[in-house]
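One structure is given here, and the rest of the page talks about it.
A short reminder: the numbers here are calculations on the coordinates, not readings from a lab. Computed from a predicted structure; not experimentally measured. Glycine gets a Cβ as well: all are built from the backbone with ideal geometry, and neighbour counts include every protein chain shown.
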Amino acid sequence: MNYKTLHKFSYGLYVVSSKKGNNFNGQIANTVFQVTSEPPTIAVSINKQNLTHQFIKESRKFAISILSKETPMKFIGHFGFKSGVKIDKFKDVNYKVSNADVPIVLENAVAYLTAEVIKEVNVGTHTVFIGKVVEAEIINDKEPMTYAYYHEVKRGKAPKTAPTYIKEEIKKEVEKMAKYRCEVCGYVYDPEKGDPDGGIAPGTKFEDIPNDWVCPVCSASKDEFERVE
Ligand code: FE
């Protein structure tokens with residue numbers, strides 16, 4: 001069996017959000033699709049370890065924000081590689097609360113839908129939630145992000161809890177500069193560019209970065225970086 005076959009599926013990139021009590025949470029997912037049109041229903045596959053899973057289980061509601069192609073890696077990292085157990089992901093993010101009381105992320109979104117769970121399927125590590133669409137709105141005419149674009153252009157990686165995660169052998173690349181890749185999210189530190197937002201000037205060698213520096217995308221520590229050969 002060739003597991004790479006599974007890489008041939010095309011997907012989009014979404015923020016799936018829900019609530020529990022007064023708390024909101026959301027995560028990145030690529031496994032969202034329409035199931036039927038009459039009535040409109042959609043499905044999403046969510047890892048049971050994720051906080052959003054708990055929230056959807058509890059509220060029976062979720063929102064899907066369809067992300068634009070221009071969505072920065074940092075934003076994807078914020079929702080995709082950080083846990084809502086530790087941080088409030090909605091703090092400092094542009095969102096609104098729907099009539100049905102579901103948080104909807106508007107930032108970097110081209111459109112959104114909200115749904116009520118009508119059925120759920122236990123699939124081992126994940127639950128597939130099937131939802132009746134309650135609201136659906138277009139926000140702008142920007143092009144939606146595809147999973148392929150995220151991987152190829154943005155050089156993003158699937159978190160280990162994603163349904164489509166496959167243990168990847170990291171391609172060894174021959175490059176002149178010693179670049180370092182975050183083993184958690186795939187972000188590559190390029191010494192030529194540095195990390196100005198993180199206080200690292202362009203031209204700083206990875207070895208010279210202070211030890212308390214963290215990955216700008218997923219906040220992994222410096223020791224979780226591997227040299228790109
Ligand atoms: Fe990272």
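Out of everything in segment 211-229 that is more than 10 Å from the ligand (Cβ to nearest atom) and not in a loop (DSSP other than H, G, I, E, B), what residue ends up being surrounded by the fewest Cβ atoms within 10 Å (Cβ to Cβ)?
It comes out as D223.
Tell me, which strands (runs of 3 or more DSSP E) wholly within segment 16-113 include 2 or more residues that are under 28 Å from V153 (Cβ atoms)?
It comes to 23-29, 32-37, 40-47, 61-67, 103-105.
For segment 196-210, how many residues are within 16 Å of the ligand (Cβ to nearest atom) and either free of Cβ contacts under 8 Å to residues at least 12 places away in the same chain or under 24 Å from the mean Cα position of the chain (by Cα) (or both)?
Just the residues of segment 196-210 that are within 16 Å of the ligand (Cβ to nearest atom), to begin with: 197-198, 200, 206, 209.
The next check asks that each one be either free of Cβ contacts under 8 Å to residues at least 12 places away in the same chain or under 24 Å from the mean Cα position of the chain (by Cα) (or both); those that pass are 197-198.
Total satisfying the criteria: 2.
Which members of segment 78-127 meet the condition of being touching a helix residue (DSSP H, G or I) at 6+ places or on another chain (Cβ under 7 Å) and closer than 21 Å to Q49 by Cβ?
Within segment 78-127, S83, G84, V85, K89, V117, T127 meet the criteria.
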